[in-house]
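To keep things clear, I will list the structure first and then write my remarks on it.
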Amino acid sequence: MTGTLITVAPTGAESAKADVPALPVTLTELVATAKDCAAVGASVVHVHIRDDAAQPTLDLGRLKDTVAALRAETDLIVQLSSGGAVTDPESDRLRVLDAEPDMASCTMGTVNFGDDVFMNRWAFIVDLHTRMQERGIVPEYEIFDLGHLAALQRLLGKYGLPAGGHVHVDFVMGVPGGMPGTAAALVACAQAVNDLPQGTTFSATGIGRTTLPVLLCSLSAGGHLRVGMEDTVTYEKGKPVENNAQLVARAAAFARLAQRPPLSTDEARAMLGVG
Ligand code: KMH
Ligand code: ZN
């Protein structure tokens, strides 16, 4: 595959609307952002939603409405976060799958997350993976540390390939407590991907100021890209991100310069095994 998969993660669960006014938190804002990002090169949207007070929520009704609206208004692959916020219980995180997205995230291990802990017990990971297999939901395995790739190798060996038969991982780099957003860490992860099933693809995202080094390194290592206001709210020193499309457009421009232009959504579906 010569093109670049660009995933946009527009909202996340960590930034407050009061601190980041441009953050899309309503369904209307999310759909508008998704359309704008699709127009400049995104093919997957990684979704966290908020409640009426702009707080993170995993409310099933809202998640279903979100999936329906994104499908009606865009051609993007809809990937719901099963990670939620660090405070979300496992039962709520599993119930995300009832909203029947095309894809869902599946984090491959527990990680310190700033001052918090993002808990992902082995038994919980197995539950997520097997439920997604049963329901035909394609996972994106979130890798916050090198050991998470070894955990994924163990998971696939014991429980088999995901729905669609293709393995796609996303390196989330630069979280305080996880692996750093450096070229050395990315190369170590890219190397470890060779131990996963043949054809496994990876994308990478760098949190905060690691956005650009991770983006450039992923492109040169043959990887794909995730960008968005979930991961960075500063466009350049002293300049807040104006909107998610600005980040997607920059990623798409780098991908074109690297002669690996953004994949269309059809190409992305074919690569990821999303029906
Ligand atoms: N918000 C983080 C605690 C995911 O979306 O799957 C979890 C996260 C990973 O962002
Ligand atoms: Zn997320």
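The values are calculated or read from the model by the stated rules, or taken from the named source; none is laboratory data. What you see is a predicted model; the values in this text were computed from it and never measured. So basically every Cβ, Gly included, is an ideal-geometry build from the backbone, and we count neighbours across all protein chains shown. Surface accessibility is based on the protein's heavy atoms, side chains included, excluding ligands, DNA and RNA. Shrake-Rupley method; radii C 1.70, N 1.55, O 1.52, S 1.80 Å.
Let's see how each residue does on (1) crowded, with 21+ Cβ neighbours inside 10 Å; (2) within 20 Å of Phe113 (Cβ to Cβ); (3) of a type in the set (D, E, K, R):
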{"residue": "Gly157", "(1), (2), (3)": "no, no, no"}
{"residue": "Leu196", "(1), (2), (3)": "no, no, no"}
{"residue": "Leu215", "(1), (2), (3)": "yes, no, no"}
{"residue": "Glu242", "(1), (2), (3)": "no, no, yes"}
{"residue": "Gln246", "(1), (2), (3)": "no, no, no"}
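Among the residues of this structure, Thr182 does not count as one that is open to solvent by less than 50 Å² (accessible area, probe 1.4 Å) and either at negative phi or in contact with a Gly (Cβ under 8 Å, 6 or more places away or on another chain) (or both). Arg95 meets all of the listed conditions (1) touching a strand residue (DSSP E or B) at 6+ places or on another chain (Cβ under 6 Å); (2) part of a helix (DSSP H, G or I) but one, namely (1).
Which one of Met119, Met108 is under 28 Å from Thr265 (Cα atoms), at pLDDT 95 or above and either within 15 Å of ligand 2 (Cβ to nearest atom) or among the hydrophobic types (A, V, I, L, M, F, W, C) (or both)?
Numbers: Met119 fails: under 28 Å from Thr265 (Cα atoms).
Sole residue among the options that is under 28 Å from Thr265 (Cα atoms), at pLDDT 95 or above and either within 15 Å of ligand 2 (Cβ to nearest atom) or among the hydrophobic types (A, V, I, L, M, F, W, C) (or both): Met108.
How many residues are crowded, with 19+ Cβ neighbours inside 10 Å, over 11 Å from Glu230 (Cα atoms) and either without any contact (Cβ under 8 Å) to a residue 12 or more places away in the chain or within 16 Å of ligand 2 (Cβ to nearest atom) (or both) if we restrict to region 30-48? The total comes to 7.
Within region 123-155, the residues that satisfy the criterion of being in contact with a helix residue (DSSP H, G or I) (Cβ under 8 Å, 6 or more places away or on another chain) and open to solvent by 50 Å² or more (accessible area, probe 1.4 Å) are Asp127, Arg131, Gln133, Arg135, Leu146, Ala150. Looking at the structure I just gave you, is Glu14 within 13 Å of ligand 1 (Cβ to nearest atom) and open to solvent by 40 Å² or more (accessible area, probe 1.4 Å)? Yes: the conditions hold for Glu14. Does Glu134 meet the test of being modelled with pLDDT of 95 or more and outside any helix (DSSP H, G or I)? So Glu134 does not fit the description; no.
Could you please find all residues in region 17-57 being part of a loop (DSSP other than H, G, I, E, B), more than 17 Å from Thr232 (Cα to Cα) and within 16 Å of ligand 1 (Cβ to nearest atom)?
Filtering region 17-57 for residues part of a loop (DSSP other than H, G, I, E, B) gives 17-26, 40-43, 48, 51-55.
Add one more test, that the residue is more than 17 Å from Thr232 (Cα to Cα), and what stays is 26, 40-41, 43, 51-55.
The answer is Asp51, Ala54, Gln55.
Look at region 229-243: where a residue is under 16 Å from Pro24 (Cα atoms) and of a type in the set (S, T, N, Q) and a partner is more than 16 Å from ligand 2 (Cβ to nearest atom) and open to solvent by 40 Å² or more (accessible area, probe 1.4 Å), sitting 6+ places away or on another chain with Cβ atoms under 8 Å, you get Thr232/Arg209; Thr234/Arg209; Thr234/Pro240; Asn243/Ala22; Asn243/Asp36. Given the condition out of contact with any His (no Cβ under 6 Å at 6 or more places or on another chain), surrounded by 14 or more Cβ atoms within 10 Å (Cβ to Cβ) and not in a helix (DSSP H, G or I), answer yes or no: does some residue in region 64-73 qualify? Scanning region 64-73 turns up no residue that is out of contact with any His (no Cβ under 6 Å at 6 or more places or on another chain), surrounded by 14 or more Cβ atoms within 10 Å (Cβ to Cβ) and not in a helix (DSSP H, G or I).
Give Ile49, Ile137 a once-over and let me know the one that is within 19 Å of the chain's Cα centre (by Cα), β-branched (Val, Ile, Thr) and closer than 21 Å to Leu5 by Cα.
Details: Ile49 fails: closer than 21 Å to Leu5 by Cα.
Only one candidate passes the filter, namely Ile137.
Figure legend. Inter-residue proximity from region 93-108: first residues in contact (Cβ under 8 Å) with a residue 24 or more places away in the chain, second residues open to solvent by 10 Å² or more (accessible area, probe 1.4 Å) and among the basic types (Lys, Arg), beta-carbon distance below 7 Å, spacing 6+ or different chains. Indicated pairs: Leu94/Arg131; Leu97/Arg131; Leu97/Arg135; Ala99/Lys64.
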